[in-house]
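The values are calculated or read from the model by the stated rules, or taken from the named source; none is laboratory data. All figures in this text were calculated on a predicted structure; none of them were measured in a lab. Counting neighbours? That spans all protein chains shown, and the Cβs are built from the backbone with ideal geometry, glycine included.
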Amino acid sequence: MIRYKLIIEYDGENFIGWQKQKKGFSVQETIEKAAQKFLQEDITLIVAGRTDSGVHAEAQVAHLDISKKLKIKNILLGLNFYITKEKFGQDISIKKVILVNNEFNARFSAKKKFYNYKIYNKEYRSPINTKNTWWVAQKLNIDDMKKASSFLIGKHDFSSFRAVGCQASSPIKTIEEIIIKKKKNIITITFIARSFLYKQVRIMTGTLKDVGTGLIKPQSLKKIIKDKSRKSAGITAPSKGLTLVKIKY
């Protein structure tokens, strides 16, 4: 079998997430159906990291194995052609196809994942930005958010930032870096780690937003982590503001 690495972009609004399920449209199933029609063989995608319902991706990574070697350009064009024929297929695009050896694994070879969360911070909403940002009308204190984020960096028990339904065997994760920047009315929070708990990035974002409004003090993050209770952390930010932007191998 010959292995190919795919770089995938998608708008997650109409999908139940990456992983195929009994009900709803998933990114995985949409691409697999298209690939099977194009390649005329059973296809299973292995992904770097599953995104939740409504979450977007600029550079998701997956791999697939096929029985014959084809030209890269033909695979790229063929997959994209058949994807557009599927329901909500216009929301998915294969950006790049790369021939890799069979030791490469999209999931287990990944070293770091980069997620961006975007907040539109203005007293009025922005129709242009509404699909991929969280509108927060109250002015946010960026300096306090940065102070609070520093307590999240490192290896911790993130039970307070773990949603119900999380299937991870351990709540212990290591956050390598959190970068918070503001350009005009958009605040971008970048989270970098090898892996995250279910909805962890969105809960951390919601908590930092509560810090920005003054509802939570920056120093309180130490106690929130120590509590190991979901009730101690802030709200869960909506999925539409979250985008998987990069995976490092």
> Are there any pairs with C-beta distances below 9 angstrom linking a residue in region 79-90 that is over 16 Å from L64 (Cα atoms) to a residue that is assigned to a loop (DSSP other than H, G, I, E, B) and β-branched (V, I, T), with the two at least 6 apart or on different chains, and if so which?
Replying inline: Q90/T84
> Looking only at region 143-159, which residues are farther than 25 Å from R194 by Cβ and either in contact with a helix residue (DSSP H, G or I) (Cβ under 6 Å, 6 or more places away or on another chain) or surrounded by 15 or more Cβ atoms within 10 Å (Cβ to Cβ) (or both)?
Replying inline: D144
> So G241 clears everything in (1) buried (at least 21 other Cβ atoms within 10 Å of the Cβ); (2) of a type in the set (G, A, S); (3) over 24 Å from H56 (Cα atoms) except one condition, right? Which one?
Replying inline: (3)
> Hey, among I203, I189, I179, which residue is modelled with pLDDT of 95 or more and either over 15 Å from the mean Cα position of the chain (by Cα) or part of a loop (DSSP other than H, G, I, E, B) (or both)?
Replying inline: I179
>> Name the residue that is nearest to V245 (Cα to Cα), counting only residues in region 45-85 that are of a type in the set (V, I, T) and not in a loop (DSSP other than H, G, I, E, B).
In response: V61
> Going by the structure shown, is L221 assigned by TED's automatic domain parsing to the domain that holds Y117, closer than 12 Å to I119 by Cβ, in a helix (DSSP H, G or I) and touching a residue at least 12 places away in the same chain (Cβ under 8 Å)?
Replying inline: no
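Can you tell me which residue among K217, K248, K209 is farther than 18 Å from I180 by Cβ and not aliphatic (A, V, I, L, M)? Break it down stepwise before answering.
Numbers: K217 fails: farther than 18 Å from I180 by Cβ; K209 fails: farther than 18 Å from I180 by Cβ.
Among K217, K248, K209, only K248 is farther than 18 Å from I180 by Cβ and not aliphatic (A, V, I, L, M).
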> Given the conditions (1) out of contact with any strand residue (DSSP E or B) (no Cβ under 8 Å at 6 or more places or on another chain); (2) in a strand (DSSP E or B), and given that W135 satisfies all but one, which numbered condition is not satisfied?
Replying inline: (1)
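Each row is one residue, and each column tells you yes or no for (1) within 20 Å of H56 (Cβ to Cβ); (2) touching a residue at least 24 places away in the same chain (Cβ under 8 Å); (3) touching a helix residue (DSSP H, G or I) at 6+ places or on another chain (Cβ under 6 Å).
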{"site": "F161", "(1), (2), (3)": "no, yes, yes"}
{"site": "A168", "(1), (2), (3)": "no, yes, no"}
{"site": "K184", "(1), (2), (3)": "no, no, no"}
{"site": "I192", "(1), (2), (3)": "yes, yes, no"}
{"site": "S195", "(1), (2), (3)": "yes, yes, no"}
{"site": "I203", "(1), (2), (3)": "yes, yes, yes"}
{"site": "T236", "(1), (2), (3)": "yes, yes, yes"}
{"site": "K248", "(1), (2), (3)": "yes, yes, no"}
>> Tally up the residues in region 30-72 that are charged (D, E, K, R), under 27 Å from the mean Cα position of the chain (by Cα) and within 13 Å of L99 (Cα to Cα), please.
In response: 1
> Would it be correct to say that I94 is in a strand (DSSP E or B), in contact with a helix residue (DSSP H, G or I) (Cβ under 9 Å, 6 or more places away or on another chain), among the β-branched types (V, I, T) and not assigned by TED's automatic domain parsing to the domain that holds D65?
Replying inline: no
> Scanning for something outside any helix (DSSP H, G or I), touching a residue at least 60 places away in the same chain (Cβ under 8 Å), in contact with a strand residue (DSSP E or B) (Cβ under 7 Å, 6 or more places away or on another chain) and surrounded by fewer than 19 Cβ atoms within 10 Å (Cβ to Cβ), does region 209-217 turn up at least one residue?
Replying inline: no
> Which one of these does Q40 not meet: (1) over 26 Å from T190 (Cβ atoms); (2) among the polar types (S, T, N, Q); (3) surrounded by 20 or more Cβ atoms within 10 Å (Cβ to Cβ)?
Replying inline: (3)
>> I'd like the full set of residues that are small (G, A, S) and assigned to a helix (DSSP H, G or I), limited to region 233-249.
In response: S239, G241
>> Condition first: out of contact with any Phe, Trp or Tyr (no Cβ under 7 Å at 6 or more places or on another chain) and closer than 28 Å to I192 by Cα. Can you find one or more residues in region 31-43 that meet it?
In response: yes
